[in-house]
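**Student:** There's a structure below that I have some questions on.
The values are calculated or read from the model by the stated rules, or taken from the named source; none is laboratory data. Small disclaimer: the values here were computed from a predicted structure and weren't measured. Virtual Cβ from ideal backbone geometry, glycine too; neighbours counted across all protein chains shown. Surface areas here come from the heavy atoms of the whole protein model, side chains and all, with no ligands, DNA or RNA. Shrake-Rupley method; radii C 1.70, N 1.55, O 1.52, S 1.80 Å.
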Amino acid sequence: MEMNWNCGSRHEHERQTPVRFRRFSLIQRNRSILGVAALTLLTLANASAQDSTIRAVQNIFDPLSAPAEIVYRVSLLVLAICAGIFLVVGGLLTYAIIRYRRKGAADDREEPPQVYGAAAIELAWTVPPILIVVVLVLVTARTIGEIQKPKLPNDAEQVRIIGHRFWWEVRYPKYDVVTANEIHVPLSDRSKRIATEIVLESADVIHGFWVPQLNGKTMLVPNYRNTMWVEPYKTGIYLGNCTVLCGAQHANMLIRVIVDPPKRFQQWLNEQKATPGNDQAVEEGKRQFIANSCGACHEIGGTNAKGVFGPNLTHFASRQTLGSGVAENNEANLRSWLQDPQVLKPGCLMPNMKLGDKQLESILTYLRTLK
Ligand code: CUA
């Protein structure tokens with residue numbers, strides 16, 4: 001059918017094509033146009049939508065970001081070389097065990113030939129190992145250079161992360177945005193790189209920042225600044241952990257990196273820059289928040305709450321989790337948290353504020369409006 005259509009002239013084609021085929025092809029064409037239109041719309045919608053795929057792989061073998069890919073490649077080389085060594089050593093050992101095994105009572109009386117200074121063997125077990133070590137040192141040094149001194153694009157985004165017991169302070173200095181525990185970064189593209197440089201500091205003890213699919217582990221050391229970068233190739237929510245034992249709730253010092261398409265990332269920044277509206281309905285909650293000295297530890301933009309000891313709560317309700325990933329950010333969990341944070345996160349540094357029922361409910365309602 002195809003052949004006939006292509007060979008014949010336009011008139012021939014119209015003459016030769018039976019009516020029912022023409023109609024069929026018309027429907028098909030319309031369908032494919034509809035399909036393309038739907039796909040385009042979907043792609044456009046996706047360009048600014050948030051992807052809620054959870055990326056929870058906690059090993060280095062499924063990298064989804066440029067530096068993680070570099071680490072992955074070097075790890076494959078090291079594993080291949082080590083596997084080669086294992087096969088050679090294991091093979092020789094097996095050969096020696098079988099070839100020189102005891103062959104009966106006569107063996108017990110005879111000593112094997114005593115060999116001293118076999119130059120060939122000595123060279124065989126010194127020169128190749130030295131070469132292997134040299135290769136590994138050179139490759140590793142190059143990789144460390146690529147990761148620690150990267151040539152990032154000039155317009156790379158910047159995030160400053162400060163580790164606290166047991167949560168993450170997250171700052172976007174270029175935009176004057178402060179948040180906590182959930183780090184939004186833009187999606188990169190292999191044809192047009194979009195990188196995010198991350199500066200890591202600590203407010204108290206040593207913490208470790210590790211999201212294996214994005215980059216290797218980096219320490220947050222008091223009075224010191226470490227830097228790392230991410231360049232993710234897929235949108236979604238990447239999970240990571242604090243990797244240095246920093247106290248009672250170290251295991252619940254969880255990380256969420258939310259990779260958004262660039263447009264959605266900009267939209268998120270704009271939402272974060274805005275001060276929460278002056279909702280009269282929650283005025284009482286706001287008053288209670290200040291009166292119960294919550295504001296001594298927490299900041300809420302546009303209010304007198306200016307504390308820096310705990311997480312900034314300006315857009316608390318826009319976050320997916322509370323307590324640095326310990327629980328979903330919903331009404332029931334927030335109520336439990338306000339009643340006594342030590343229930344969800346025993347050992348965390350927020351004390352039980354012993355709020356009365358009315359105070360608690362008004363603060364709860366207020367916090368839930370901080371979108
Ligand atoms: Cu912070 Cu472990």
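**Student:** Which condition number does Arg335 fail, the rest of (1) more than 23 Å from Ile290 (Cβ to Cβ); (2) surrounded by fewer than 19 Cβ atoms within 10 Å (Cβ to Cβ) being met?
**Tutor:** (1)
**Student:** Restricting attention to region 218-233, and to residues there that are assigned to a loop (DSSP other than H, G, I, E, B) and closer than 13 Å to Ala195 by Cα, which single residue is least open to solvent (accessible area, probe 1.4 Å)? Walk me through how you get there before you give the answer.
**Tutor:** If we filter region 218-233 for residues that are assigned to a loop (DSSP other than H, G, I, E, B), which is where we start, we get 221, 223-225, 231, 233.
Those still in the list that are closer than 13 Å to Ala195 by Cα too: 231, 233.
Details: Glu231: 6, Tyr233: 52 Å².
The qualifying residue least open to solvent (accessible area, probe 1.4 Å) is Glu231.
**Student:** Of all residues in region 275-301, which are within 14 Å of Lys371 (Cβ to Cβ) and surrounded by 13 or more Cβ atoms within 10 Å (Cβ to Cβ)?
**Tutor:** Selection gives Pro276, Asp279, Val282, Ile300, Gly301.
**Student:** In addition: Looking at Phe309, Phe289, which is the one that is on the phi < 0 side of the Ramachandran plot and outside any helix (DSSP H, G or I)?
**Tutor:** Details: Phe289 fails: outside any helix (DSSP H, G or I).
Of the residues listed, the single one that is on the phi < 0 side of the Ramachandran plot and outside any helix (DSSP H, G or I) is Phe309.
**Student:** Considering Lys306, Lys345, which residue is under 28 Å from Tyr172 (Cα atoms), of a type outside the set (A, V, I, L, M, F, W, C) and crowded, with 16+ Cβ neighbours inside 10 Å?
**Tutor:** Working: Lys306 fails: crowded, with 16+ Cβ neighbours inside 10 Å.
Exactly one residue qualifies, and that residue is Lys345.
Let's see how each residue does on (1) open to solvent by 40 Å² or more (accessible area, probe 1.4 Å); (2) in contact with a Pro (Cβ under 8 Å, 6 or more places away or on another chain); (3) at pLDDT 95 or above:
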site: Ile147; (1), (2), (3): no, yes, no
site: Asn154; (1), (2), (3): yes, no, no
site: Ile161; (1), (2), (3): no, no, yes
site: Trp167; (1), (2), (3): no, yes, yes
site: Asp176; (1), (2), (3): yes, no, no
site: Val185; (1), (2), (3): no, yes, yes
site: Thr196; (1), (2), (3): no, yes, yes
site: Ala203; (1), (2), (3): yes, yes, yes
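**Student:** Could you tell me whether Arg160 is charged (D, E, K, R) and away from the ligand (no atom under 16 Å from the Cβ)? Reasoning before the result, please.
**Tutor:** Numbers: charged (D, E, K, R): yes; away from the ligand (no atom under 16 Å from the Cβ): yes.
Yes; evaluated as a whole, the condition is true for this residue.
**Student:** So, in region 164-181, exactly how many residues are within 16 Å of the ligand (Cβ to nearest atom) and either farther than 15 Å from Thr227 by Cα or more than 16 Å from the chain's Cα centre (by Cα) (or both)?
**Tutor:** In the first step, residues of region 164-181 are kept if they are within 16 Å of the ligand (Cβ to nearest atom); the result is 164-170, 180-181.
This time we only want the ones that are either farther than 15 Å from Thr227 by Cα or more than 16 Å from the chain's Cα centre (by Cα) (or both), so: 164-169, 180-181.
Residues meeting the conditions: 8.
**Student:** If you take the residues of region 348-367 that are assigned to a helix (DSSP H, G or I) and either over 22 Å from Arg287 (Cβ atoms) or without any contact (Cβ under 8 Å) to a residue 12 or more places away in the chain (or both), which of them is most open to solvent (accessible area, probe 1.4 Å)?
**Tutor:** As a first pass, look at region 348-367 and keep what is assigned to a helix (DSSP H, G or I): 357-367.
Narrowing the set further to residues that are either over 22 Å from Arg287 (Cβ atoms) or without any contact (Cβ under 8 Å) to a residue 12 or more places away in the chain (or both) leaves 357-358, 361.
Values: Asp357: 126, Lys358: 177, Glu361: 73 Å².
Filtering region 348-367 for residues that are assigned to a helix (DSSP H, G or I) and either over 22 Å from Arg287 (Cβ atoms) or without any contact (Cβ under 8 Å) to a residue 12 or more places away in the chain (or both), the one most open to solvent (accessible area, probe 1.4 Å) comes out as Lys358.
**Student:** What number of residues in region 199-211 are more than 16 Å from the ligand (Cβ to nearest atom) and part of a loop (DSSP other than H, G, I, E, B)? Spell out how you get there, then give the answer.
**Tutor:** Keep residues of region 199-211 that are more than 16 Å from the ligand (Cβ to nearest atom), which gives 199.
Among the residues that remain, those that are also part of a loop (DSSP other than H, G, I, E, B) are: none.
Number of matching residues: 0.
**Student:** A follow-up question, please. Given the options Asn252, Asn270, Asn241, name the one that is within 16 Å of the ligand (Cβ to nearest atom) and open to solvent by 50 Å² or more (accessible area, probe 1.4 Å). Don't jump to the end; show me each part of the working.
**Tutor:** Details: Asn252 fails: open to solvent by 50 Å² or more (accessible area, probe 1.4 Å); Asn270 fails: within 16 Å of the ligand (Cβ to nearest atom).
Exactly one of Asn252, Asn270, Asn241 is within 16 Å of the ligand (Cβ to nearest atom) and open to solvent by 50 Å² or more (accessible area, probe 1.4 Å), namely Asn241.
**Student:** Separate question: Listed residues Tyr233, Tyr224; which is of a type in the set (Phe, Trp, Tyr), farther than 21 Å from Arg165 by Cα and more than 15 Å from the ligand (Cβ to nearest atom)? Break it down stepwise before answering.
**Tutor:** Values: Tyr224 fails: farther than 21 Å from Arg165 by Cα.
On inspection, the qualifying residue turns out to be Tyr233.
**Student:** Before we move on, is Phe316 within 24 Å of Arg171 (Cβ to Cβ), surrounded by fewer than 17 Cβ atoms within 10 Å (Cβ to Cβ) and not aliphatic (A, V, I, L, M)?
**Tutor:** Details: within 24 Å of Arg171 (Cβ to Cβ): yes; surrounded by fewer than 17 Cβ atoms within 10 Å (Cβ to Cβ): no; not aliphatic (A, V, I, L, M): yes.
No, not satisfied.
Results for (1) surrounded by fewer than 10 Cβ atoms within 10 Å (Cβ to Cβ); (2) at pLDDT 95 or above; (3) under 30 Å from Lys192 (Cα atoms); (4) under 32 Å from the mean Cα position of the chain (by Cα), shown as yes or no for each residue.
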residue	(1), (2), (3), (4)
Ala45	yes, no, yes, yes
Ala49	no, no, yes, yes
Val57	no, no, yes, yes
Ala66	no, no, yes, yes
Leu87	no, yes, no, no
Val115	yes, no, no, no
Ala118	yes, no, no, no
Ala124	no, no, no, no
Val137	no, yes, no, yes
